[in-house]
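To start, the structure itself, in structure tokens.
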Ligand code: 5AD
């Protein structure tokens, strides 16, 4: 197995069969080895500095009914909220004082958050914080909307593709949603000039090794600047309540595979990973992640943005917990970077002209 890992580090890709073997036959020893290799690559590109992003969850209203997600339209049991522009600016202010230089505005696809309203909020943040990056994570929008937000000052956009396989996509989403639409959005975002993030849930219901290989190929071709991976975790009020969650090990394996394939990509140790295991964040970093996204949302609303059971939003997962985060990072030899942390391509990439 080690020879595939060495080859992956050198060539940044593997053949189908080699990926299959790595994904199906990865024992504890192999996992340790690939995590080490990925950590080395991450250290070479970023040093021991971890970028922080302030996550502001601006609305938990959503018009979609994704089967895995706790804030799906069909969940009548959660209390819905939406931040005002003033609330959001207050979060940014607090974040800026704590050292954050990236604000991530994430939310459900909330019809009341009109393009006008989002554009105006982005412009206001841009005006008050000219030195900060603005990341949006607000789902699928028409290209024109993405263009307006970009013009108003947004720099980055996160939109996970969730799964590249169309049938699997249909298993995870309601009939009105399509993989094609999601991929079109990703192409639009890249084309407009956003630093674009995509990714998957690891261990989502129905996911197979073949699906994961399709995701790996898709990301290889799209070459996103950011790659987000977290374990699927069930939420009690969704149709997937009874399904098992993804595992820490499979998530760490994929994190390392993506780090070896995409040395300069920005890869977070996600909240879902930190929720699944008390040392998940640290293990993510030691497997090649180089970003963390503490929660900057108003405390009263945090519990309501429950994508999955017991989602972490306190302690080192929170903006107030930066000192704790710092301590945890120090214990594994890392420190917080308060730079903006834009994508820098300091590694020659594989040329791949295939269309996504
Ligand atoms: N478990 C893990 N991740 C989830 N997300 C949504 N619901 C869940 C869940 N139950 C992830 C999706 C989405 C991101 C914002 O959160 O991948 O893109």
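A short reminder: the numbers here are calculations on the coordinates, not readings from a lab. Computed from a prediction, not measured in an experiment: that's the story for all the values here. Using ideal geometry, Cβ is built from the backbone for each residue, glycine included, and neighbour counts are taken over all protein chains shown.
Calculated [222 nm] ellipticity per residue, helices only, for the chain: -13000 deg cm²/dmol; basis is -39500 (n - 2.57) per DSSP H run with n ≥ 4, divided by all residues, nearest 500.
Put simply, the convex hull of the Cα atoms in the range 166-206 casts, on average, a shadow of 3.3 nm². Counting only DSSP beta bridges with both residues in the chain, the antiparallel share comes to about 5 percent.
Alpha-carbon geometry of the chain: the Rg and the Dmax are 18.9, 54 Å, given in that order. A full extension of the chain between residue 94 and residue 221 corresponds to an added length of 41.9 nm, given 0.36 nm per residue minus the alpha carbon distance.
The Rg/Rh ratio for the range 55-130 is 1.02, where Rg is the radius of gyration of the alpha carbons and Rh is the Kirkwood radius. When peptides 212-219, 185-192 are sorted by average Cβ neighbour count within 10 Å, with the highest value leading, the order is 212-219, 185-192.
Evaluated at q = 0.16 Å⁻¹, the base-10 log of the normalised Debye intensity for the range 194-322, with identical point scatterers placed on the Cα atoms, takes the values -0.81.
Working ranking of peptides 281-289, 15-23 by packing, defined as the average number of other Cβ atoms within 10 Å per residue, highest first, is 281-289, 15-23.
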